[in-house]
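Engineer: After the C-alpha cells below, expect a handful of questions from me.
The values are calculated or read from the model by the stated rules, or taken from the named source; none is laboratory data. Because the structure is predicted, anything quoted here is derived from the model rather than measured. Using ideal geometry, Cβ is built from the backbone for each residue, glycine included, and neighbour counts are taken over all protein chains shown.
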Amino acid sequence: MLQKIGKMAFISLRSTLFSGALIAMAALAGCQSQSLLEGGDGNATVAVPSQLAIPTPFAWGGEVRCGANGCLLAAVEHENSMVALHRIDGRKSTLLDRVSVAYHPDSVTWLADDLFVAAVEASASLDVFRVNKSKLQRLQQINVGFSPRDVIVVKAEAGRYTLLATPYNGKEVAWVLDWSVNDQQPPNVKKVPWCEVAWHPTKVQRVKGLHGPAIAAACLDDKRLVAVPEANVLSAPVVLGTFPAVSRNARPSPQGAWIYVSLETGGRNARVNSDTGELQMIESPLTGSVSVAPLEENLVIWGEDMELYLQRLDDNGGVLETRWHPVSGFATSLQIIDVDGDGERDVVAYNSGGEVIDVVYGPLWAGASPSRISKRERERVR
C-alpha cells in the first residue's frame with residue numbers, strides 16, 4: 001500500500017507543478033500536436049500533426065469504441081466525479097456530454113455501440129449508461145460490495161454480459177454473471193478472493209496450466225500475475241509469475257505468446273511466456289513503467305509520466321532498440337485502436353495525472369523519436 005500511496009502523492013504534486021501548461025493546452029478542444037524529428041544538423045524539425053489532446057482532467061480510465069455511431073470515447077474525470085462522452089472524428093474531438101456520478105469514478109468499458117458501464121468507488125457500483133442522441137442516460141447501478149477500480153467485459157452474447165470488477169483496495173473481485181440491462185431481477189453478483197489489489201484485468205488467449213481463454217491481472221501489493229479460466233471464472237486463480245517490484249498492469253501480445261507486465265520500480269519490466277511459463281525481465285531506460293500495450297510479439301509500448309517508450313526485443317527479452325513518444329501526463333492506461341481509420345494502429349493514453357487524454361497516431365514505431373525528448377522540447381512542440 002505504501003507504493004500506491006506514494007504514487008498517488010506523486011501524481012498530485014506533478015499535476016500541481018504542470019497544471020498551468022496543461023490547462024492552457026486543454027483549452028483548445030481537439031488540440032493537435034506535432035511529432036518531433038531531428039534533422040541532419042541536429043536541429044528539431046516539425047513533421048505532420050501526430051497527436052490529439054482531448055480535454056479530460058484526471059482520466060483514470062476510459063475506452064474508445066468505433067462502431068455504428070462513429071468513434072466515441074467514454075472516460076472518467078476522477079477528481080471531478082464526472083463521466084464524459086466525446087466524439088472523435090479523425091484527428092479532431094468534440095465533447096458531447098458530461099454527467100455527475102459519486103465520488104471517484106475510476107474506469108469505463110463499452111458493452112455495445114450505445115451502452116457502457118463505469119466503475120465508481122464511493123457508490124461501490126458499476127453505473128450503466130445509454131448513449132441516446134449523443135447524450136448520456138444513466139440506466140441503473142450494479143452494487144458490487146466494494147470500491148471498484150476496474151471493470152471489463154468477459155463475455156457478451158445476445159445482449160447478455162458477464163462482467164468482472166476488481167477493487168481499488170482489497171483481495172476480493174466481483175463477477176456479474178449473465179446480466180442484461182433488461183433483466184427484471186437483481187444482478188447475480190459473486191465475490192471471490194483473488195490477490196491483494198488486482199488492477200487492470202485483461203483477457204488472454206491462453207496461459208500455462210489452464211485450458212482455453214483466461215482472465216489475468218497484475219496484483220499491485222502481492223507483486224504477482226494471476227489468472228482464472230474463462231470456463232470457470234469462480235475458481236481460485238493460479239499464479240503465473242512473481243516480481244521484485246509492484247506489478248501495475250498486464251496485457252497480452254497480439255498472438256498471445258506473451259503476457260507483458262509493467263513494474264513500477266527496479267529499472268525493469270517483465271513478460272511471461274503463455275506456453276512455457278518462462279519469466280523474462282526486460283531492461284527499462286526509466287525506473288519502470290505503470291502501463292503497457294504490446295504492438296507485436298516482440299514490440300511493446302510502456303507508459304510512464306509524460307512519456308511513452310517503445311521497445312523492440314529479441315526472443316530472450318533483450319532490448320534491441322528503444323524509441324519515444326511524449327504525452328501530457330501520467331499515462332496510467334493505454335489502448336491500441338485505429339482511431340482515424342487510416343489502417344495504422346494508434347495509442348490512446350489515459351493520463352491519471354494531467355488535464356487531457358492523448359491520442360498518438362500511427363505508425364507508432366516509425367513515428368517515434370529515436371532519442372528521449374526533453375521536457376522542454378515536449379512542452380515546445382505541444
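Engineer: Any residue at all in the stretch 60-82 that's among the hydrophobic types (A, V, I, L, M, F, W, C), outside any strand (DSSP E or B) and under 15 Å from the mean Cα position of the chain (by Cα)?
Structural biologist: Step one: of the stretch 60-82, the residues among the hydrophobic types (A, V, I, L, M, F, W, C) are 60, 64, 66, 68, 71-76, 82.
Checking which are outside any strand (DSSP E or B) leaves us with 60, 68.
From what is left, the residues that are under 15 Å from the mean Cα position of the chain (by Cα) are 60.
Checking the stretch 60-82: at least one residue is among the hydrophobic types (A, V, I, L, M, F, W, C), outside any strand (DSSP E or B) and under 15 Å from the mean Cα position of the chain (by Cα).
Engineer: Among the residues of the stretch 112-124, are any part of a strand (DSSP E or B), within 17 Å of Pro148 (Cβ to Cβ) and more than 17 Å from the chain's Cα centre (by Cα)? Let's see the steps before the verdict.
Structural biologist: Start the filter on the stretch 112-124 by keeping residues that are part of a strand (DSSP E or B), which leaves 112, 115-120.
Then keep just the ones that are within 17 Å of Pro148 (Cβ to Cβ); that gives 116-120.
Applying the additional criterion that residues be more than 17 Å from the chain's Cα centre (by Cα) yields none.
No, the stretch 112-124 contains no residue that is part of a strand (DSSP E or B), within 17 Å of Pro148 (Cβ to Cβ) and more than 17 Å from the chain's Cα centre (by Cα).
Engineer: Here's a follow-up. Could you list, in sequence order, the residues of the stretch 224-235 that are surrounded by 19 or more Cβ atoms within 10 Å (Cβ to Cβ) and in contact with a Pro (Cβ under 7 Å, 6 or more places away or on another chain)?
Structural biologist: Within the stretch 224-235, Val226, Ala227, Val228 qualify.
Engineer: Would you please list the contacts, defined by Cβ atoms under 8 Å and residues six or more apart or on different chains, that run from a residue in the stretch 234-255 that is touching a residue at least 40 places away in the same chain (Cβ under 8 Å) and closer than 17 Å to Val173 by Cα to a residue that is buried (at least 21 other Cβ atoms within 10 Å of the Cβ) and of a type in the set (D, E, K, R)?
Structural biologist: From residues that are touching a residue at least 40 places away in the same chain (Cβ under 8 Å) and closer than 17 Å to Val173 by Cα, the pairs are Arg248/Glu264.
Engineer: Sort out which residues of the stretch 267-281 are surrounded by fewer than 22 Cβ atoms within 10 Å (Cβ to Cβ) and assigned to a strand (DSSP E or B), and write them in order of number. Spell out how you get there, then give the answer.
Structural biologist: Taking the stretch 267-281 as the starting set, the residues that turn out to be surrounded by fewer than 22 Cβ atoms within 10 Å (Cβ to Cβ) are 267-268, 273, 275-281.
Scanning the stretch 267-281 gives Arg268, Asn273, Leu279, Gln280, Met281.
Engineer: Look at Val339 and say whether it is at pLDDT 95 or above and in contact with a Cys (Cβ under 8 Å, 6 or more places away or on another chain). Give the derivation first.
Structural biologist: On the way: at pLDDT 95 or above: yes; in contact with a Cys (Cβ under 8 Å, 6 or more places away or on another chain): yes.
In short, yes.
Engineer: Working carefully through the options Leu364, Leu334, find the one that is part of a loop (DSSP other than H, G, I, E, B) and among the hydrophobic types (A, V, I, L, M, F, W, C). Explain how you work it out, then say what you get.
Structural biologist: Details: Leu334 fails: part of a loop (DSSP other than H, G, I, E, B).
When all the criteria are applied, what remains is Leu364.
Engineer: Of the residues that make up the stretch 156-174, is at least one more than 23 Å from the chain's Cα centre (by Cα) and assigned to a loop (DSSP other than H, G, I, E, B)? Steps first, answer last, please.
Structural biologist: Step one: filter the stretch 156-174 for residues more than 23 Å from the chain's Cα centre (by Cα), giving 157-160.
Within this subset, residues satisfying the condition of being assigned to a loop (DSSP other than H, G, I, E, B) are 158-159.
Yes, the stretch 156-174 has at least one match.
Engineer: Right, something else. Of the conditions (1) in contact (Cβ under 8 Å) with a residue 40 or more places away in the chain; (2) within 24 Å of Val359 (Cβ to Cβ); (3) more than 16 Å from the chain's Cα centre (by Cα), Thr109 clears all except one; give me its number.
Structural biologist: With respect to (1) in contact (Cβ under 8 Å) with a residue 40 or more places away in the chain; (2) within 24 Å of Val359 (Cβ to Cβ); (3) more than 16 Å from the chain's Cα centre (by Cα), Thr109 is out only on (3).
Engineer: Sort out which residues of the stretch 302-345 are farther than 14 Å from Ala366 by Cα and of a type in the set (S, T, N, Q), and write them in order of number.
Structural biologist: Matches in the stretch 302-345: Asn316, Ser328, Thr332, Ser333, Gln335.
Engineer: Starting from residues that are under 20 Å from the mean Cα position of the chain (by Cα) and among the β-branched types (Val, Ile, Thr), keep the ones in the stretch 188-224 and report whichever is nearest to Gln335 (Cα to Cα).
Structural biologist: This residue is Thr202.
Engineer: Note down all Cβ pairs under 6 Å where the first residue falls in the stretch 282-295 and is closer than 18 Å to Lys223 by Cα, the second is acidic (Asp, Glu), and they're at least six residues apart or on different chains.
Structural biologist: What qualifies is Gly288/Glu264; Ser289/Glu304.
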